[in-house]
Amino acid sequence: MTRSDGYPHGISFAFSGGNMHSTTTHGRARRGTLLRGRLGRAAALAAALLIGGLSAAAPATALGFVDSAGVGSAAVAPAGKNLTGIVIDDTADGGLGVLNEAKIRAGLEEINFNEPTKVAIYTRDGLYEDNINTKTLLRARQKHPDWISSSDSDKWADGLFIITLSVERRGGGQIGTYFGEDRKVGTGNEKAIQDAGKTNFRAADWTAGVLDVAQAAARKMNQPWYLSPGLWWPVGIGGGVVGIGAVVVSASRSNNRDRMAAGLASGKNSLTRVTMDLDNTELSARALPKTGSKHAADLEARFTSFMQRYRGLLTEQQELEATDKKQRSTSAVRDRAELFAVQAQDLDTVDDAIAAAAALYARTAGWRDAWRLQIAPLEEDLAGIPGIIQTGQSMSFGFWGSAEREGTMSAASAALDAWLPTARQELQDVSAQMEAGSIEVDAALDRLVALRAELTQRLRDYSSAQIDAFAKTEREREEMHEQMDAAQSSSRRRSGSILDITSPTIFWSSVNYSTGYQSGVSSVESSRSSASSGGSTTGYSGGGGSFSGSGSSSRF
């Protein structure tokens, strides 16, 4: 007989590297951790099959499995097992620190380590050219001598794992991981551990990134033999590949079901809002001017297909709700549900824009609220310009040694900064004319189109200057332009803005500008780091002497 999780009765598995508590601790999605957990159990299952199967309780218990009475071996780890100490030396941001210490401690206390391990975290303000391996060693010698082995001063102390986060002022940085001799994991695993935190590091979520790195290291340090990926090949020879493959497929299907359910729920919420507003949307569409208004004509054309799309989405919702567990496990149904969510959200933005347009053209009691919805995207973008300028002005050019690049960026920053008051004044003037009733709605919307188009062009020009100043080669320029364009095309504003419905791909957003530029910088720096050091930096030059402790660093 089997249980609901698919394993024989009386058997459950300990997966010390894939505990799910830490993901909830710092707010990350659970799907990836659930998948890793299932894959970890697959390896354990294969190991059990290899040494004699699951029919006997004794071998299972010896591997760290738990019998039906709840009795198991030491491999069954409660949350936070084997964490012997935490040291946080948070000196980044001029000594103010960049970590949420309470969350770091709570997160680490939920992570299971395979052997007793002390975790030390050191953050610092850094420069692009820093060797943070050496910086970490120097910090240890100055402030934390216990991090260095008492029996061999050229090694890190046994039972120790160090995370170093080096944050650079202009964006990006480096992450280093260092291990006591009895905890070292090998160069390939070091890079994988560092990579685990880079998504959050690139988003400047330092606390979550550090916990990601700690979680990844906990899985690798002193990993039990039966959870080693290297076991999968010999198990396969013995016939375990079928079992492993089955569990992997099961995990994939479960992931599909989770994503399908999330897409369906999101789409239903959007469609419910559309349904509740349906009568008002129809009345608003009928109230739009029939002639002489390009913007109203665009919205009326959208409403023509609105009801057809609405009915189609209702049918799609019913069909998705009728699918069974087997169907929801497929990628095809998962994709349908996620597309349904996007299309329902799009429909929800269309009815908001139609309602706002009707209020503006008819000057109903709510026209001022409708106008605020029209200017909100532009106000948000203008508010983001000073941050973009500050980023450009803080770029360091000494590393590349180019006065011409520095001059180009200085001129571009000055031009954008000089235009900002003009744009704000124009927006105030249009709003004042709307309040006074001295401008037609279409003319006011056209003024907004012109302002947002000019902002877009100025951001394009500024991005070219920033990219030219940062990139060293044409390939790097192309890479950064691709990241900028991808960030802008991914923009989805749900604001009730008429222009975001009728002209959705024309305008750039300052929020997405910053995201795209940072993505471009990170992508280029990652390529540079990989090209110069195979992806990671090892060794302790410039102060390391003969030190050869295990560890390395890489850029994010």
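Throughout, read-outs are computed from the coordinates displayed, never taken from laboratory work. Everything quoted here is computed from the prediction, not taken from an experiment. For neighbour counting, all protein chains shown are included, and Cβ atoms are generated from backbone atoms with ideal geometry for every residue, glycine included.
By how many nm would the segment from A301 to A414 grow when fully extended, if each residue of separation counts as 0.36 nm and the alpha-carbon distance is taken off?
Contour length minus Cα-Cα distance gives 36.4 nm.
Subtracting the Cα-Cα distance from 0.36 nm times the residue separation, let me have the gained length for R311 to V87 in nm, one decimal.
Computed gain between R311 and V87 is 74.8 nm.
Ranking I163, I506, I439 by Cβ neighbours within 10 Å, fewest first, what do you get?
In increasing order of surrounding Cβ atoms, one gets I506, I439, I163.
For region 80-223, report the % of Cα-Cα distances exceeding 25 Å.
Value for region 80-223: 19 percent of Cα pairs lie more than 25 Å apart.
Which length gain, in nm to one decimal place, applies between Q433 and R169 when the Cα-Cα distance is subtracted from 0.36 nm times their residue separation?
90.7 nm is the gain from fully extending Q433 to R169.
Set the Förster distance to 45 Å, then compute FRET efficiency between A376 and A332 from the Cβ-Cβ distance, nearest 0.05.
0.70
Fewest Cβ neighbours within 10 Å first, please rank H481, H295 accordingly.
Least crowded to most crowded, the residues run H481, H295.
What distance in nm lies between label points placed 7 Å from Cα along the C-beta direction at D485 and K290?
Here the modelled spin labels are 4.4 nm apart.
How far apart, in nm, are the 7 Å Cα→Cβ label points at N269 and R475?
Going from the N269 label point to the R475 one covers 4.3 nm.
Ranked highest first by average number of other Cβ atoms within 10 Å, how do 344-354, 120-130, 269-279 line up?
Taking the mean over residues of other Cβ atoms within 10 Å, the ranking is 344-354, 120-130, 269-279.
Label E426 and A450 with points 7 Å out from Cα along Cα→Cβ: what is the distance between them in nm?
In this crude spin-label approximation the distance works out to 0.7 nm.
Give the residues of region 452-491 whose amide nitrogen is closer than 13 Å to a point set 7 Å from the Cα of S514 in the direction of its Cβ.
none
Which stretch or stretches of region 106-131 have amide N atoms under 17 Å from the point lying 7 Å from L96's Cα along the Cα→Cβ direction?
123-126
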